[in-house]
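To start, the structure under review is shown below, and the notes come after it.
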Amino acid sequence: MFELVFLGTSASAPSVHRGLAAQVVLAGEHRFLVDCGEGTQRQILRSGVGFKRLNRILLTHAHLDHILGLGGLVSTFARWESVGELEIWGGKATLDRVQALLYGVVLDYERLAIKIHLLDLKAGQMMNAKEFTVSAFPVTHRGPGNFGFIFQEKSRRPFLVERAEALGIPVGPERAQLVRGETITLADGRVIAPEMVLGEQIEGVKLVHIGDTARTDNLREAVRDADALVIEATFLDVNVEEARAFGHITAREAAQLALDCGVKSLLITHVSRRYRERDVIEEARRVFPQAYVARDLDHFIIRRDQPVERKRAVSPQPEDE
(Lines give C-alpha, C1' and ligand atoms only; values in the text may rest on other atoms or scores of the structure.)
Protein backbone atom coordinates (compact mmCIF):
# COMPACT_ATOMS: atom_id res chain seq x y z
CA MET A 1 0.00 0.00 0.00
CA PHE A 2 1.14 3.53 -0.81
CA GLU A 3 -0.41 6.82 0.26
CA LEU A 4 -0.23 10.00 -1.76
CA VAL A 5 -0.90 13.53 -0.54
CA PHE A 6 -1.21 16.31 -3.12
CA LEU A 7 0.26 19.54 -1.79
CA GLY A 8 0.05 21.58 -4.99
CA THR A 9 -1.87 20.83 -8.19
CA SER A 10 -1.71 23.99 -10.33
CA ALA A 11 0.10 24.45 -13.65
CA SER A 12 2.84 27.09 -13.99
CA ALA A 13 1.35 29.63 -11.55
CA PRO A 14 -0.79 29.27 -8.43
CA SER A 15 -4.50 29.96 -8.43
CA VAL A 16 -6.79 30.88 -5.55
CA HIS A 17 -7.37 27.22 -4.71
CA ARG A 18 -4.31 25.47 -6.15
CA GLY A 19 -0.66 25.78 -5.18
CA LEU A 20 2.36 24.83 -7.26
CA ALA A 21 3.52 21.28 -7.92
CA ALA A 22 4.36 19.09 -4.94
CA GLN A 23 3.22 15.71 -3.65
CA VAL A 24 4.22 13.46 -0.78
CA VAL A 25 4.42 9.70 -1.22
CA LEU A 26 4.11 7.72 2.03
CA ALA A 27 5.57 4.21 1.93
CA GLY A 28 5.64 2.63 5.37
CA GLU A 29 8.21 4.50 7.43
CA HIS A 30 9.59 6.25 4.35
CA ARG A 31 8.45 9.59 2.95
CA PHE A 32 9.25 11.16 -0.40
CA LEU A 33 8.54 14.71 -1.53
CA VAL A 34 8.05 14.74 -5.30
CA ASP A 35 8.73 18.27 -6.60
CA CYS A 36 8.73 21.37 -4.44
CA GLY A 37 6.97 24.36 -5.93
CA GLU A 38 6.70 27.71 -4.20
CA GLY A 39 4.68 27.50 -0.99
CA THR A 40 5.26 23.78 -0.42
CA GLN A 41 6.36 24.03 3.20
CA ARG A 42 3.11 25.73 4.23
CA GLN A 43 1.13 23.03 2.42
CA ILE A 44 3.11 20.36 4.28
CA LEU A 45 1.93 21.91 7.54
CA ARG A 46 -1.67 22.30 6.34
CA SER A 47 -1.80 18.68 5.18
CA GLY A 48 -0.81 17.29 8.57
CA VAL A 49 2.09 15.35 7.03
CA GLY A 50 4.67 17.45 8.87
CA PHE A 51 8.42 17.61 8.26
CA LYS A 52 9.54 14.54 10.20
CA ARG A 53 11.42 12.00 8.06
CA LEU A 54 10.76 14.04 4.93
CA ASN A 55 14.42 13.73 3.94
CA ARG A 56 14.18 12.54 0.31
CA ILE A 57 13.14 14.93 -2.45
CA LEU A 58 12.62 13.67 -6.02
CA LEU A 59 12.51 16.34 -8.72
CA THR A 60 10.84 15.65 -12.06
CA HIS A 61 12.56 18.52 -13.90
CA ALA A 62 14.22 21.91 -13.62
CA HIS A 63 11.35 24.36 -14.17
CA LEU A 64 10.86 26.87 -11.40
CA ASP A 65 7.25 25.95 -10.64
CA HIS A 66 8.58 22.55 -9.56
CA ILE A 67 11.68 23.56 -7.55
CA LEU A 68 11.40 27.13 -6.25
CA GLY A 69 10.00 26.07 -2.86
CA LEU A 70 13.27 24.31 -2.01
CA GLY A 71 14.90 27.49 -0.72
CA GLY A 72 12.39 28.10 2.05
CA LEU A 73 11.98 24.43 2.87
CA VAL A 74 15.71 23.83 3.30
CA SER A 75 16.02 26.97 5.41
CA THR A 76 13.23 25.72 7.68
CA PHE A 77 14.78 22.26 7.92
CA ALA A 78 18.12 23.70 8.95
CA ARG A 79 16.78 26.20 11.47
CA TRP A 80 13.87 24.54 13.19
CA GLU A 81 13.39 20.92 12.20
CA SER A 82 15.28 17.73 13.02
CA VAL A 83 16.29 17.13 9.41
CA GLY A 84 20.06 17.41 9.46
CA GLU A 85 20.63 15.48 6.22
CA LEU A 86 18.73 15.71 2.95
CA GLU A 87 18.81 13.80 -0.34
CA ILE A 88 17.74 15.72 -3.46
CA TRP A 89 17.45 13.62 -6.61
CA GLY A 90 17.21 15.13 -10.09
CA GLY A 91 18.68 15.27 -13.57
CA LYS A 92 21.88 17.26 -14.10
CA ALA A 93 20.09 20.35 -15.43
CA THR A 94 17.76 20.27 -12.43
CA LEU A 95 20.57 19.88 -9.93
CA ASP A 96 22.51 22.75 -11.51
CA ARG A 97 19.55 25.04 -10.80
CA VAL A 98 19.11 23.63 -7.29
CA GLN A 99 22.82 24.15 -6.63
CA ALA A 100 22.55 27.80 -7.68
CA LEU A 101 19.42 28.34 -5.57
CA LEU A 102 20.60 26.64 -2.39
CA TYR A 103 24.33 27.38 -2.36
CA GLY A 104 24.26 30.67 -4.23
CA VAL A 105 21.45 32.16 -2.15
CA VAL A 106 20.04 30.29 0.86
CA LEU A 107 22.93 28.37 2.41
CA ASP A 108 25.71 30.76 1.44
CA TYR A 109 23.87 33.81 2.75
CA GLU A 110 22.56 32.28 5.96
CA ARG A 111 25.37 29.78 6.73
CA LEU A 112 22.90 27.09 7.68
CA ALA A 113 24.11 23.77 9.03
CA ILE A 114 22.48 21.03 6.97
CA LYS A 115 24.10 18.26 4.97
CA ILE A 116 22.65 18.05 1.46
CA HIS A 117 23.34 15.31 -1.05
CA LEU A 118 22.60 16.30 -4.66
CA LEU A 119 22.15 12.98 -6.46
CA ASP A 120 22.27 12.84 -10.26
CA LEU A 121 19.37 10.75 -11.52
CA LYS A 122 19.85 8.02 -14.11
CA ALA A 123 17.25 5.70 -15.56
CA GLY A 124 16.84 2.57 -13.42
CA GLN A 125 16.46 1.63 -9.79
CA MET A 126 17.50 4.31 -7.31
CA MET A 127 16.34 2.77 -4.02
CA ASN A 128 15.75 -0.78 -2.81
CA ALA A 129 13.96 -0.81 0.55
CA LYS A 130 12.69 -3.85 2.40
CA GLU A 131 9.12 -3.61 1.09
CA PHE A 132 9.45 -1.64 -2.13
CA THR A 133 11.72 -0.17 -4.78
CA VAL A 134 11.89 3.26 -6.41
CA SER A 135 13.00 3.62 -10.02
CA ALA A 136 13.40 6.55 -12.41
CA PHE A 137 12.67 6.66 -16.14
CA PRO A 138 13.18 9.39 -18.77
CA VAL A 139 10.34 11.72 -19.75
CA THR A 140 10.19 14.13 -22.69
CA HIS A 141 9.54 17.77 -21.78
CA ARG A 142 11.22 21.09 -22.53
CA GLY A 143 14.93 20.79 -21.84
CA PRO A 144 17.08 17.82 -20.77
CA GLY A 145 17.04 15.61 -17.69
CA ASN A 146 13.30 15.06 -17.11
CA PHE A 147 12.22 11.98 -15.13
CA GLY A 148 9.22 10.08 -13.86
CA PHE A 149 9.22 7.69 -10.90
CA ILE A 150 7.92 4.18 -10.25
CA PHE A 151 7.14 3.15 -6.67
CA GLN A 152 6.86 -0.64 -6.80
CA GLU A 153 5.86 -2.71 -3.79
CA LYS A 154 7.66 -6.06 -3.77
CA SER A 155 5.65 -9.18 -4.51
CA ARG A 156 5.11 -11.61 -1.64
CA ARG A 157 3.79 -15.04 -0.85
CA PRO A 158 1.46 -15.01 2.19
CA PHE A 159 2.23 -17.33 5.10
CA LEU A 160 -0.61 -19.83 5.52
CA VAL A 161 -1.05 -20.12 9.27
CA GLU A 162 -3.59 -22.96 9.13
CA ARG A 163 -1.26 -25.07 7.02
CA ALA A 164 1.63 -24.35 9.40
CA GLU A 165 -0.52 -25.36 12.38
CA ALA A 166 -1.49 -28.63 10.65
CA LEU A 167 2.19 -29.41 10.08
CA GLY A 168 3.05 -28.66 13.71
CA ILE A 169 5.42 -25.79 12.97
CA PRO A 170 5.93 -23.87 16.23
CA VAL A 171 5.47 -20.12 16.48
CA GLY A 172 8.90 -18.53 16.41
CA PRO A 173 12.01 -18.26 14.25
CA GLU A 174 11.14 -21.34 12.19
CA ARG A 175 8.15 -19.56 10.68
CA ALA A 176 10.23 -16.46 9.97
CA GLN A 177 12.77 -18.61 8.12
CA LEU A 178 10.04 -20.12 5.97
CA VAL A 179 8.70 -16.67 5.11
CA ARG A 180 12.22 -15.75 3.96
CA GLY A 181 12.18 -18.76 1.65
CA GLU A 182 14.43 -20.97 3.74
CA THR A 183 13.90 -24.71 4.31
CA ILE A 184 13.82 -25.80 7.97
CA THR A 185 14.16 -29.06 9.91
CA LEU A 186 11.80 -29.60 12.84
CA ALA A 187 12.81 -31.20 16.13
CA ASP A 188 11.28 -34.50 15.03
CA GLY A 189 13.46 -34.56 11.91
CA ARG A 190 10.83 -33.55 9.36
CA VAL A 191 12.04 -31.22 6.61
CA ILE A 192 9.65 -28.37 5.77
CA ALA A 193 10.09 -26.42 2.54
CA PRO A 194 8.66 -22.90 2.08
CA GLU A 195 6.31 -24.13 -0.66
CA MET A 196 4.50 -26.22 1.95
CA VAL A 197 3.30 -23.17 3.93
CA LEU A 198 3.34 -20.25 1.49
CA GLY A 199 0.45 -19.24 -0.75
CA GLU A 200 0.46 -18.05 -4.33
CA GLN A 201 2.55 -14.98 -5.12
CA ILE A 202 0.74 -11.65 -4.73
CA GLU A 203 2.00 -8.80 -6.88
CA GLY A 204 2.78 -5.56 -5.08
CA VAL A 205 1.23 -2.14 -5.60
CA LYS A 206 2.61 -0.02 -8.46
CA LEU A 207 2.42 3.77 -8.33
CA VAL A 208 3.78 5.77 -11.27
CA HIS A 209 4.40 9.51 -10.95
CA ILE A 210 5.02 11.68 -14.01
CA GLY A 211 5.41 15.45 -13.94
CA ASP A 212 5.27 17.53 -17.11
CA THR A 213 5.46 15.61 -20.38
CA ALA A 214 5.17 16.42 -24.08
CA ARG A 215 4.29 12.89 -25.23
CA THR A 216 2.94 9.58 -24.00
CA ASP A 217 4.16 6.99 -26.51
CA ASN A 218 7.49 6.61 -24.71
CA LEU A 219 5.83 6.18 -21.29
CA ARG A 220 3.90 2.99 -21.93
CA GLU A 221 6.41 0.49 -20.57
CA ALA A 222 6.83 2.40 -17.32
CA VAL A 223 3.10 2.99 -16.88
CA ARG A 224 1.83 -0.49 -17.80
CA ASP A 225 -0.40 -2.17 -15.18
CA ALA A 226 0.04 0.62 -12.62
CA ASP A 227 -2.47 0.66 -9.79
CA ALA A 228 -2.33 4.46 -9.90
CA LEU A 229 -0.85 6.87 -12.43
CA VAL A 230 -0.19 10.49 -11.49
CA ILE A 231 0.28 12.66 -14.57
CA GLU A 232 -0.29 16.19 -15.80
CA ALA A 233 -3.16 17.38 -17.97
CA THR A 234 -2.30 21.03 -18.47
CA PHE A 235 -4.53 21.42 -21.53
CA LEU A 236 -7.85 20.21 -22.93
CA ASP A 237 -7.97 18.62 -26.35
CA VAL A 238 -9.41 21.74 -27.96
CA ASN A 239 -5.99 23.32 -27.32
CA VAL A 240 -3.86 20.33 -28.32
CA GLU A 241 -1.65 22.39 -30.66
CA GLU A 242 -0.84 24.80 -27.85
CA ALA A 243 -0.10 21.83 -25.62
CA ARG A 244 2.45 20.63 -28.18
CA ALA A 245 4.06 24.06 -28.40
CA PHE A 246 4.65 24.18 -24.65
CA GLY A 247 5.60 20.53 -24.14
CA HIS A 248 2.43 19.33 -22.41
CA ILE A 249 -0.43 16.88 -22.96
CA THR A 250 -4.21 17.05 -22.71
CA ALA A 251 -6.65 15.36 -20.35
CA ARG A 252 -7.80 13.11 -23.17
CA GLU A 253 -4.24 12.00 -23.89
CA ALA A 254 -3.58 11.25 -20.23
CA ALA A 255 -6.77 9.18 -20.11
CA GLN A 256 -5.92 7.32 -23.33
CA LEU A 257 -2.50 6.40 -21.90
CA ALA A 258 -4.16 5.01 -18.77
CA LEU A 259 -6.68 3.03 -20.83
CA ASP A 260 -4.11 1.58 -23.23
CA CYS A 261 -1.73 0.52 -20.45
CA GLY A 262 -4.15 -1.21 -18.09
CA VAL A 263 -3.90 1.42 -15.35
CA LYS A 264 -6.42 1.02 -12.50
CA SER A 265 -6.77 4.69 -11.44
CA LEU A 266 -5.70 7.95 -13.07
CA LEU A 267 -4.86 10.96 -10.91
CA ILE A 268 -4.65 14.16 -12.93
CA THR A 269 -2.66 17.15 -11.68
CA HIS A 270 -0.92 20.29 -13.05
CA VAL A 271 -4.29 21.86 -13.83
CA SER A 272 -4.39 25.16 -15.72
CA ARG A 273 -6.35 28.13 -14.40
CA ARG A 274 -7.90 28.57 -17.85
CA TYR A 275 -10.18 25.54 -17.41
CA ARG A 276 -12.96 24.55 -15.06
CA GLU A 277 -12.28 21.40 -13.09
CA ARG A 278 -15.51 19.82 -14.33
CA ASP A 279 -14.37 20.22 -17.95
CA VAL A 280 -11.03 18.50 -17.25
CA ILE A 281 -12.65 15.55 -15.50
CA GLU A 282 -15.38 15.21 -18.13
CA GLU A 283 -12.83 15.02 -20.94
CA ALA A 284 -10.77 12.41 -19.09
CA ARG A 285 -13.71 10.26 -18.02
CA ARG A 286 -15.11 10.05 -21.54
CA VAL A 287 -12.06 7.88 -22.23
CA PHE A 288 -11.17 6.48 -18.80
CA PRO A 289 -13.92 6.37 -16.13
CA GLN A 290 -11.53 5.82 -13.21
CA ALA A 291 -10.02 9.29 -13.59
CA TYR A 292 -9.79 11.91 -10.86
CA VAL A 293 -8.66 15.52 -10.86
CA ALA A 294 -6.59 15.99 -7.72
CA ARG A 295 -7.11 19.01 -5.51
CA ASP A 296 -4.66 20.51 -3.06
CA LEU A 297 -4.52 18.45 0.17
CA ASP A 298 -6.35 15.48 -1.35
CA HIS A 299 -5.14 12.22 0.19
CA PHE A 300 -5.27 9.00 -1.85
CA ILE A 301 -4.71 5.45 -0.57
CA ILE A 302 -3.48 3.04 -3.25
CA ARG A 303 -3.94 -0.71 -2.90
CA ARG A 304 -3.35 -3.56 -5.33
CA ASP A 305 -6.03 -4.10 -7.97
CA GLN A 306 -8.47 -1.68 -6.31
CA PRO A 307 -9.73 1.78 -7.23
CA VAL A 308 -7.96 4.39 -5.16
CA GLU A 309 -9.53 5.56 -1.92
CA ARG A 310 -9.85 9.33 -1.95
CA LYS A 311 -9.98 11.46 1.14
CA ARG A 312 -11.08 14.96 0.21
CA ALA A 313 -9.20 18.03 1.32
CA VAL A 314 -10.28 19.57 4.62
CA SER A 315 -11.45 22.72 2.83
CA PRO A 316 -13.11 21.57 -0.44
CA GLN A 317 -12.63 23.78 -3.45
CA PRO A 318 -15.40 25.02 -5.70
CA GLU A 319 -16.21 22.49 -8.41
CA ASP A 320 -15.97 25.20 -11.09
CA GLU A 321 -12.72 26.83 -9.97
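Any residue in the range 73-81 that is outside any helix (DSSP H, G or I), modelled with pLDDT of 90 or more and either out of contact with any Gly (no Cβ under 6 Å at 6 or more places or on another chain) or surrounded by 24 or more Cβ atoms within 10 Å (Cβ to Cβ) (or both)?
Step one: filter the range 73-81 for residues outside any helix (DSSP H, G or I), giving 80-81.
Those left that are additionally modelled with pLDDT of 90 or more: none.
So far as the range 73-81 goes, no, none of its residues is outside any helix (DSSP H, G or I), modelled with pLDDT of 90 or more and either out of contact with any Gly (no Cβ under 6 Å at 6 or more places or on another chain) or surrounded by 24 or more Cβ atoms within 10 Å (Cβ to Cβ) (or both).
Within the bounds of the range 103-124, is there any residue that is outside any loop (DSSP other than H, G, I, E, B) and over 27 Å from Gly71 (Cβ atoms)?
Going residue by residue through the range 103-124, those that are outside any loop (DSSP other than H, G, I, E, B) are 103-110, 115-120, 124.
Retained after the next criterion (residues that are over 27 Å from Gly71 (Cβ atoms)): 124.
Within the range 103-124, one or more residues are outside any loop (DSSP other than H, G, I, E, B) and over 27 Å from Gly71 (Cβ atoms).
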Test for Gly39: is it more than 21 Å from Ile231 (Cβ to Cβ) and in contact with a Leu (Cβ under 8 Å, 6 or more places away or on another chain): yes
Subset of the range 71-95 (residues that are within 22 Å of Met127 (Cα to Cα) and either in contact (Cβ under 8 Å) with a residue 40 or more places away in the chain or out of contact with any Lys or Arg (no Cβ under 9 Å at 6 or more places or on another chain) (or both)): Trp89, Gly90, Gly91, Lys92, Ala93, Thr94, Leu95
Single unsatisfied condition, Phe235 versus (1) closer than 25 Å to Gln152 by Cα; (2) surrounded by 19 or more Cβ atoms within 10 Å (Cβ to Cβ): (1)
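The values are calculated or read from the model by the stated rules, or taken from the named source; none is laboratory data. Just so it is clear, the structure is predicted and the values come from calculations on it, not from any experiment. Reconstructed Cβ throughout: ideal geometry from the backbone, glycine too, with neighbour counts over all protein chains shown.
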